1. Out of all the residues in segment 119-161, which are open to solvent by less than 10 Å² (accessible area, probe 1.4 Å), within 21 Å of ALA93 (Cα to Cα) and assigned to a loop (DSSP other than H, G, I, E, B)?
2. When the residues of segment 177-198 are filtered to those that are under 14 Å from the mean Cα position of the chain (by Cα) and more than 16 Å from THR86 (Cα to Cα), which remaining residue is modelled with the lowest pLDDT?
3. For segment 162-176, name all the residues that are hydrophobic (A, V, I, L, M, F, W, C), modelled with pLDDT under 85 and part of a strand (DSSP E or B).
4. Given the conditions (1) touching a residue at least 24 places away in the same chain (Cβ under 8 Å); (2) not in a strand (DSSP E or B), and given that VAL335 satisfies all but one, which numbered condition is not satisfied?
5. Looking for something of a type in the set (Gly, Ala, Ser), out of contact with any Pro (no Cβ under 8 Å at 6 or more places or on another chain) and open to solvent by less than 10 Å² (accessible area, probe 1.4 Å) - is there at least one such residue anywhere in segment 279-292?
6. What number of residues within segment 83-102 are closer than 22 Å to LEU44 by Cα and open to solvent by 20 Å² or more (accessible area, probe 1.4 Å)?
7. Go over the candidates LEU314, LEU301, LEU296, LEU331 one by one and state the one that is in contact with a Leu (Cβ under 7 Å, 6 or more places away or on another chain) and surrounded by 13 or more Cβ atoms within 10 Å (Cβ to Cβ).
8. Please enumerate the residues belonging to segment 51-82 that are open to solvent by less than 50 Å² (accessible area, probe 1.4 Å) and either modelled with pLDDT under 95 or hydroxyl-bearing (Ser, Thr, Tyr) (or both).
Amino acid sequence: MKGLRLKMAGLVGGVCMVFLFGTTVPREIHPYAQRMNDISNGVLPALVQVKVRFLERKRGILGDATLTEVGSGFIFDDKKGYILTTAQTLKYARYIQVILSDGKSYEGVLLGMDEPTDVAVVRIRAEKLTAVPFLPENESPRVGEPLIAVGVSSNGLFTPSFGILSALPTAGPWAEGGVTTFIQTDAPISYGMQGGPLLNFRGEVVGVLTFLRQQYKELYLHFAIPVNTVRRVVKEIVEKGRFARPWTGVSLLVVDDTQRTRYGYPYDYGLFVTFVDEGSPADKAGIRANDFLLELGGKSLTLPQDFWIPVNQLNIGDTFSVKIWRDGRILERDVTIAEWKGGMKR
């Protein structure tokens with residue numbers, strides 16, 4: 001395979017429109033175009049393509065068939081050869097091939113992965129590598145901020161695209177331990193780009209490209225794993241070979257009028273507890289199904305992310321306080337986070 005540098009596809013998405021209608025573009029846009037070009041080319045030495053071979057059981061006389069999955073990744077530790085990519089690409093890997101931008105190929109060793117957050121770390125034995133920096137821990141990306149998504153398409157093309165940060169981390173109903181907690185971007189993401197970096201205009205990683213696969217590979221939702229989630233999961237994978245997932249054992253929904261009427265709930269905020277896992281930290285703390293969570297650490301709860309985002313920042317063994325409403329009574333409960341073992345009973 002030739003180096004990715006020889007196969008540059010050029011910026012796509014919004015940037016293509018800039019050059020298509022170049023005669024009418026305001027002069028002030030040109031510095032942005034140059035900056036996007038500089039960032040895209042600057043990250044190229046750290047960008048990799050990940051090719052995975054795995055076996056899929058086939059019925060009939062053909063037996064096992066060897067299949068290939070492709071994705072992107074990037075070097076985040078140039079001294080140790082650590083590469084960040086997605087768990088969805090490596091889930092059934094039998095052999096991992098890592099191809100650098102200069103065309104050199106290495107066998108990758110999986111250090112660990114966490115499927116719910118879609119984070120995976122691979123190591124290669126190579127010298128003179130280039131790494132991409134993360135956004136500093138004390139900073140956060142902003143909605144509307146211009147971003148550049150960079151990856152390698154399935155046919156080996158270096159594929160940058162331009163967009164903005166559309167939404168900060170959201171938490172769906174299965175947000176236990178960080179699941180479905182992603183940032184949204186309108187930057188186009190095609191198959192093969194998953195695992196590539198989402199960069200700000202300083203060339204820092206604010207997220208890792210992912211997508212929630214629908215029925216076919218051509219259907220994507222444009223999401224990225226937030227850098228704070230990546231940083232936390234990667235640290236544990238590198239140190240321990242796995243991510244110890246915090247667990248509370250509670251399922252939550254936004255309160256609606258049906259629940260207010262049925263239970264006589266008097267408030268216009270709060271979260272409804274739909275299920276509590278037997279033996280979970282929430283169960284041991286005395287939280288029950290059909291309770292209403294009013295406050296977490298003294299702050300009112302309205303949306304699931306009001307609960308999950310702060311709770312997911314805590315560590316195993318940490319305790320948080322929650323105020324609940326049950327049958328007209330206000331109760332307080334302390335929940336001590338435990339490690340998630342899988343196999344939830346709901």
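The values are calculated or read from the model by the stated rules, or taken from the named source; none is laboratory data. Keep in mind that this is a model prediction, so the values were computed, not measured. Every residue, glycine among them, receives a Cβ derived from its backbone with ideal geometry; neighbour counts consider all protein chains shown. The area values use the complete protein model at the heavy-atom level, side chains included, leaving out ligands, DNA and RNA. Shrake-Rupley method; radii C 1.70, N 1.55, O 1.52, S 1.80 Å.
1. ILE124, GLY156
2. This residue is GLY177.
3. Scanning segment 162-176 gives ALA167, LEU168.
4. Of the numbered conditions (1) touching a residue at least 24 places away in the same chain (Cβ under 8 Å); (2) not in a strand (DSSP E or B), the odd one out for VAL335 is (2).
5. If we filter segment 279-292 for residues that are of a type in the set (Gly, Ala, Ser), which is where we start, we get 279-280, 282, 285-286, 289.
From the residues that got through so far, the ones that are out of contact with any Pro (no Cβ under 8 Å at 6 or more places or on another chain) too are 279-280, 282, 285-286, 289.
Next cut, open to solvent by less than 10 Å² (accessible area, probe 1.4 Å) only: 280, 282.
Checked segment 279-292: at least one residue is of a type in the set (Gly, Ala, Ser), out of contact with any Pro (no Cβ under 8 Å at 6 or more places or on another chain) and open to solvent by less than 10 Å² (accessible area, probe 1.4 Å).
6. Residues flagged as closer than 22 Å to LEU44 by Cα and open to solvent by 20 Å² or more (accessible area, probe 1.4 Å) within segment 83-102 amount to 2.
7. That would be LEU301, the only listed residue that is in contact with a Leu (Cβ under 7 Å, 6 or more places away or on another chain) and surrounded by 13 or more Cβ atoms within 10 Å (Cβ to Cβ).
8. Narrowing segment 51-82 to residues open to solvent by less than 50 Å² (accessible area, probe 1.4 Å): 52, 54, 63, 65, 69-77, 81-82.
Matches in segment 51-82: VAL52, PHE54, GLY63, ALA65, GLU69, VAL70, GLY71, SER72, TYR82.
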